[in-house]
Amino acid sequence: MNYAEIKPFSIENGTGVRVSLFVSGCRHRCKECFNQETWDFQYGKPFTEETEEEIIKGLIPTYISGLTLLGGDPTEPENQAALLPLLRRIRAELPGKTVWAYSGYLYEDFLPGGRAYCDATEEYLSLMDVMVDGPFILAEKDISLKFRGSRNQRIIDLAATQKSGQIVLAME
């Protein structure tokens, strides 16, 4: 997997101050995407053990709330598998940190048989706290929304959703 950028102090991609990892690779190609260069899976730099270490170190300070995965799309099946070791480490070494992910897929696409479902999906989702799902839709653009760009996107509490079997929104 490649990545485009790591922002060590981000406040726009989830609650609190966060480390944001922009991965490469996205098949959605949303009109007026703010990060079109990351559509290419080969864009940027290789995600290495050193990259993972940089992120873990960035998450250590107590004022950092957690990690946000975006891109590109961190929920493309090949990106799910590549990010699993990082998420496992965060849960093991930094259990108080939250993990958010932005996806152009709908949550329903991650259910067995869905177009984003793969061998890594169930564990991958279980290691995250919040998913902002759905493609950016220009006709639904609303700059007044917190943590999302268009009205069709949902901010989903993943643990509550997985427990109940129904979509549970983390916030409106």
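Just so you know, all these numbers are worked out from the coordinates, no wet-lab data involved. Because the structure is predicted, anything quoted here is derived from the model rather than measured. Backbone-built Cβ (ideal geometry, glycine too); neighbour counts: all protein chains shown.
A few comments on the model shown:
- In this rough spin-label picture, where each label sits 7 Å from Cα along the Cβ direction, the Ile167-Leu111 distance is 1.1 nm.
- Residue exposure proxy: Ile64, Ile156, ordered by other Cβ atoms within 10 angstrom of their Cβ from fewest to most, comes out as Ile64, Ile156.
- The listed peptides 41-48, 164-171, 1-8, ordered by packing as a protection proxy, come out as 1-8, 41-48, 164-171 (highest mean of other Cβ atoms within 10 Å first).
- Contour excess over end-to-end distance, with Cα ends at Leu94 and Glu54 and 0.36 nm allotted per residue: 13.0 nm
- Euclidean distance of C-alpha centroids, region 85-152 and region 25-48, integer Å: 16
- Exposure proxy ranking for Phe136, Phe22, Phe9, based on other Cβ atoms within 10 angstrom of each Cβ and starting from the fewest, stands as Phe9, Phe136, Phe22.
- Estimated inter-spin distance, Glu78 and Asp40, nm [label 7 Å along Cα→Cβ]: 1.4
- Qualifying GluC sites (Glu not before Pro) for region 21-114 [loop in DSSP, other Cβ within 10 Å: at most 14]: Glu32
- 24 Å tail of the calculated P(r), the chain, as % of Cα pairs: 29
- Rg ratio for region 34-130: its Cα radius of gyration over 2.2 N^0.38 Å, N being its residue count, equals 1.08.
- Per-residue Cβ neighbour counts within 10 Å put Tyr63, Tyr105, Tyr117 in the sequence Tyr63, Tyr117, Tyr105, beginning with the fewest.
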